[in-house]
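Here is the structure we will look at.
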Amino acid sequence: PPSVADGDEVLVYCKRGGMRSSGTAWLLSQAPVRVRVLDSGYQAFRHWAREEAFQRLERRLVVLGGRTGSGKTDVLLQLRRACGAQVLDLEGDANHRGSTFGALGLPPQPTNEMYENRLALQWATFAPDRPVFVEDEGAHVGRCGVPAGLWERMRADQAEVLRLEVSRATRLARLVAEYGGHGTDQLSACVAAMSKKLGQDRAGHMAALLQQKPPALAEVADLLLTYYYDSMYEYQASKRPGQVELFECDTADPLAVAQRVLDHVALRQTTRGVASASS
């Protein structure tokens, strides 16, 4: 069970924010902790998180896209950590990378309810006069569903989409570095889970490559890009709404790319402001 130390802040809530939470808050206030009560209770908070946060709080959203292995997540993390940008890390909060291999080496996923709550609270804290960066994900990240209001913003016709164009060599090197440390049995199980998409013969060939000494990781990654991930990406990209702009870069240095992305987005905002003022 969680422990509470002197000076900690404790949030108390019940379903509707009535006598139960108020009484518990009074009792806890006798201890050396800071006590807060969730206004109107958890039921109202859940309604806000699901139906109001992304629908009513306006933010400028910039969606970062790119093929598998492009380093979108690495760039987003550098945007947050090194550049101080506002970032919604859909994969980080879901404990999943969004593909068949996405759960490898990560802790269990949160409940969908917790996932929605975390994202809504982050969205509410973002400054409305600065862009919010997010990765171009599907409607689900593993078992976690992207909140409907956020998903609608990401897929809107006016959505700003910056698509990273990265060399295949850089993508393959990243995939091998990111997944190659996992055991061949785990990798083989993921390939087997894709056998209907890849075809039994091709999946079997990849499994054999993984059993070589040493495993042919780069060859398997190349086959996965060729026969599944790149073709799937091209199909989805052809149907994606939004204002898509291609951004050629080398994400082997994600910090340099993050700085370029930030400068590019700021310049685009300035240009739009000038155009709007002159019209």
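The values are calculated or read from the model by the stated rules, or taken from the named source; none is laboratory data. The shown structure was predicted, so the numbers you read here are calculated from the model rather than taken from an experiment. Glycine gets a Cβ as well: all are built from the backbone with ideal geometry, and neighbour counts include every protein chain shown. Heavy atoms of the whole protein, side chains included, go into the accessibility calculation; ligands, DNA and RNA do not. Shrake-Rupley method; radii C 1.70, N 1.55, O 1.52, S 1.80 Å.
Heavy atoms only, probe 1.4 Å: what % of the accessible area of the chain goes to carbon and sulfur, would you let me know? Before the final figure, lay out the partial values.
Working: 8030 of 15040 Å².
Carbon plus sulfur share of accessible area: 53 percent.
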#### Entry: Charge dipole (the chain, unit charges on Cβ, about Cα centre) - positive-most of 138, 203, 68
138
## Note on the structure
Cα-based Rg then Dmax for the stretch 134-279, in Å, read 19.1, 65
### Summary
Longest principal axis of the chain (C-alpha) makes with the long axis of helix 72-81 (C-alpha) an angle, in degrees to the nearest 10, of 40
### Zone of residue 157's modelled label, taken as backbone nitrogen in the stretch 231-246 under 13 Å from a point 7 Å along Cα→Cβ
241-243
## Note on the structure
Computed over the chain, the distribution of all Cα-Cα distances in 10 Å bins, rounded to whole %, is 6, 23, 29, 21, 14, 7, 1
### Task
Taking amide H positions as placed in the peptide plane 1.01 Å from N, state which residues far from residue 141 in sequence (5 or more) or on other chains have amide H under 5 Å from it.
146
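Order these peptides, 87-100, 30-43, by their mean beta-carbon neighbour count within 10 angstrom, highest first.
Numbers: 87-100: 20.8, 30-43: 13.2.
Going by the mean number of other Cβ atoms within 10 Å, highest first, we get 87-100, 30-43.
Per residue, how much accessible area does the chain show when a 1.4 Å probe rolls over the protein heavy atoms, in square angstrom? Intermediate results must be reported in sequence, preceding the final value.
Details: 15040 Å² over 279 residues.
Normalised by residue count, the accessible surface of the chain is 54 Å².
For the stretch 8-163, what is one quarter of the convex hull surface built on the Cα atoms, given in nm²?
On the way: hull surface 44.0 nm².
Quarter of the Cα hull surface area: 11.0 nm².
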